[in-house]
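The values are calculated or read from the model by the stated rules, or taken from the named source; none is laboratory data. These figures come from a predicted structure and were not determined experimentally. So basically every Cβ, Gly included, is an ideal-geometry build from the backbone, and we count neighbours across all protein chains shown. Please note that ligands, DNA and RNA were not included when accessible areas were found on the heavy atoms of the full protein model with its side chains. Shrake-Rupley method; radii C 1.70, N 1.55, O 1.52, S 1.80 Å.
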Amino acid sequence: MTVWRPPQQIRAKVIGLAWRENRLLAAEVEDDNGRIKGVRPLGGSIEFGETREQALHREFREELGTEIRIVGPWHLLENIFEHHGAIGHEFIFAADIELADKTLYECDEIRYSELDETAATARWFGRDMLRDIALELYPTGLETVLSRWRD
């Protein structure tokens, strides 16, 4: 198992908000013991010289092998968090997207690999599901900009 700690620098990231009805596509976030502690929409870091749009398109090609279409306005979140004693700090651009590969909307579970070959699982989560199984939604503050999310 890979032990992840946030880098000690400010990072710029993007996440895509893909929806299946009122369910958000999000990857499971594990603690160091492999227990799922929360979920986070798919995306990743913006590379030097890359726009947020380019980064979001690249991340979905790399993670799910699909093109996307950005269909909503951008939201900016500042996320300062602690993960197993290490502080992380990131600015995250989030936008509603549509997946070009429509078969992904039919999958309840999507397994993929991060670039470092770490196995990951994404699912379609409803707000009620997160509440019922006591999972956090990351990044902190995301739920406040999800005007589309309803019970």
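Among the residues that make up region 27-39, is at least one of them open to solvent by less than 20 Å² (accessible area, probe 1.4 Å), among the hydrophobic types (A, V, I, L, M, F, W, C), within 19 Å of Thr103 (Cα to Cα) and in a strand (DSSP E or B)? Steps first, please.
Step one: of region 27-39, the residues open to solvent by less than 20 Å² (accessible area, probe 1.4 Å) are 27, 38-39.
Subset that is among the hydrophobic types (A, V, I, L, M, F, W, C): 27, 39.
Subset that is within 19 Å of Thr103 (Cα to Cα): 27.
Filter once more, so that each one left must be in a strand (DSSP E or B): 27.
Yes, region 27-39 contains a residue that is open to solvent by less than 20 Å² (accessible area, probe 1.4 Å), among the hydrophobic types (A, V, I, L, M, F, W, C), within 19 Å of Thr103 (Cα to Cα) and in a strand (DSSP E or B).
Return the residue satisfying two criteria in turn: it lies in region 81-112 and is in a strand (DSSP E or B) and without any contact (Cβ under 8 Å) to a residue 24 or more places away in the chain, and of such residues it is most open to solvent (accessible area, probe 1.4 Å). Spell out the reasoning first.
Quick first cut of region 81-112, residues in a strand (DSSP E or B) only: 81-83, 86-99, 109-112.
Narrowing further to those that are without any contact (Cβ under 8 Å) to a residue 24 or more places away in the chain: 82, 109, 111.
Numbers: Glu82: 125, Glu109: 73, Arg111: 165 Å².
So, considering only residues that are in a strand (DSSP E or B) and without any contact (Cβ under 8 Å) to a residue 24 or more places away in the chain, the one most open to solvent (accessible area, probe 1.4 Å) is Arg111.
What number of residues within region 41-60 are surrounded by fewer than 21 Cβ atoms within 10 Å (Cβ to Cβ) and part of a strand (DSSP E or B)? Reasoning before the result, please.
Residues of region 41-60 surrounded by fewer than 21 Cβ atoms within 10 Å (Cβ to Cβ): 44-45, 47-55, 57-58.
Going one step further and asking which of them are part of a strand (DSSP E or B), we end up with 44-45.
Looking only at that region, the number is 2.
Is there any pair with a first residue in region 1-25 that is of a type in the set (Ser, Thr, Tyr) and a second that is at pLDDT below 95 whose Cβ atoms are under 8 Å apart and which are 6 or more apart or on different chains, and what are they?
Every condition considered, the pairs that remain are Thr2/Asp116; Thr2/Thr118.
Scan region 61-75 and give yes if some residue there is over 13 Å from the mean Cα position of the chain (by Cα), open to solvent by 40 Å² or more (accessible area, probe 1.4 Å), within 26 Å of Met129 (Cα to Cα) and free of Cβ contacts under 8 Å to residues at least 12 places away in the same chain, otherwise no.
No, that holds for no residue.
Given (1) assigned to a loop (DSSP other than H, G, I, E, B); (2) closer than 18 Å to Leu17 by Cβ, where does Arg123 come up short, assuming only one miss?
Only one criterion in (1) assigned to a loop (DSSP other than H, G, I, E, B); (2) closer than 18 Å to Leu17 by Cβ is unmet by Arg123, namely (1).
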